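Okay, structure first, notes after.
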Ligand code: AMP
């Protein structure tokens, strides 16, 4: 397999699939440039090696026709700022102007193509569309981890047109390394912390993690299904009754594999899903009717922090409570701080998945953990052991 470190980019046009699917405000300004800055090291490395760069991405979910608010033109100035150099904009991704511009690119120049999703062929993984895109480059670099779990034209199918000139960018490389380090190194103990709203959306990842981890901490809304399965009273807390049997199975599997499963022992509850109604602490299995648990309580925090501080490898996905509301953010903040502290003491920590990533960013802890993943769904699928099309297409 070729790699970006040893490949000779001199005089070549690198067609890079990046993930510039960033949020824009109503004036079409970028409100969070994380994904743009994440792509910069790959772009700079290729330029430094004498190549030119053609960038392709999607933005939002357009309905297959041009709409101003989904134009990648909106991100050009943010990209220029992050890169510290001029970026040309090709308009349409397979239009005449775009081909003219990519064919005339000189070493060191950067061209951004138009939003790939103005064409339905992109998400359909259409071969002839991939072929048209492929004409923009001499070498294909996939650096869009966030879409690596999709078999789209630009993320997977296109790789066939570069049988000997395809590779990962630095960002994907780092993401893969981080997961491999957590799940496949033999340092111990390995602790996974899983939270968020529902058991149903995390069940595959929990099952997969049970094969690997020493400790599994379960928090957030999903914990109440486990507590109810144990016969606890959870009041009006979020419960998935269809998953009570699944919870029983997880208890059994954890026991048979020697995994220590840690559930909350107390909760901060409220009568409504609201930051305005009064809060009350309950034992986790003695929540009164009319109250719903919305964050972990102080005893739980101490208990979870203790496990985290003993860990050498840490994987975190999903908040401990409704961290979007100030009354119920403290559990998530405490866990994030404990992970930062464990990291400082030498543990390797990976934060994967949308809401825990949002949480470490919100609480300004992103640079105190080892790796914050840029790919929500893709990261989850990769941890689940699924062969991601975007990764498989480069490896095959
Ligand atoms: P997920 O996308 O599955 O990781 O879920 C994240 C969401 O779970 C966040 O928006 C949280 O507000 C929500 N959440 C966390 N804890 C609870 C809880 N105890 N009850 C209801 N929702 C929760």
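We did not get these values from a lab; they are worked out from the coordinates using the rules stated. All values derive from a computational prediction rather than experimental measurement. A quick note on method: Cβ atoms are made from the backbone with ideal geometry, for glycine too, and the neighbour counts reach across all protein chains shown.
Here are some notes:
- Between residue 64 and residue 368, residue separation times 0.36 nm minus the direct Cα-Cα distance comes to 105.4 nm.
- Between the beta carbons of residue 310 and residue 252, assuming R0 = 25 Å, the FRET efficiency works out to 0.50 to the nearest 0.05.
- Annotation for residue 85 and residue 298: the two label points, set 7 Å from Cα along the Cα-Cβ direction, are 5.6 nm apart.
- Likely footprinting exposure, 176, 335, 206, fewest C-beta neighbours within 10 Å first: 176, 206, 335
- Axis of helix 170-184 versus longest Cα principal axis of the chain: the two differ by about 30°, to the nearest ten degrees.
- Order of 371, 248 - criterion: other Cβ atoms within 10 Å of each residue's Cβ, fewest first: 248, 371
- Computed over the Cα atoms of the range 38-86, pair by distinct pair, the Kirkwood hydrodynamic radius stands at 12.4 angstrom.
- Residues 246, 63, 225, sorted so that the one with the fewest Cβ neighbours within 10 Å comes first: 63, 246, 225
- Mean shadow area of the range 112-183, taken as a quarter of the surface of its Cα convex hull (nm²): 5.2 nm²
- Rg(Cα)/(2.2 N^0.38 Å) for the range 82-125, N = residue count: 1.29
- log₁₀ of I(q)/I(0) at q = 0.08, 0.12, 0.13, 0.14 Å⁻¹ - the range 175-383, Debye sum with one point per alpha carbon: -0.24, -0.55, -0.65, -0.75
- For the chain, the mean projected area of the C-alpha convex hull, equal to one quarter of the hull surface, is 20.0 nm².
- Simple spin-label estimate for residue 10 and residue 244 in nanometres, 7 Å along Cα-Cβ: 7.0 nm
- If the Kirkwood radius is taken over C-alpha pairs of the range 43-189, then at 20 °C and 1.002 mPa s the Stokes-Einstein diffusion coefficient equals 132 µm²/s.
- Additional length obtainable on full extension of the chain from residue 131 to residue 341, 0.36 nm per residue less Cα span: 70.8 nm
- Alpha carbon Rg of the range 1-78, scaled by the compact-globule rule 2.2 N^0.38 Å: 1.26
- Hull volume in cubic angstrom per residue (convex hull over the Cα atoms of the range 274-353): 95 Å³
- Spatial separation of Cα centroids for the range 253-328 and the range 172-234, in angstrom: 14 Å
- Working from label points 7 Å from Cα in the Cα-to-Cβ sense, the residue 177 to residue 272 distance is 5.0 nm.
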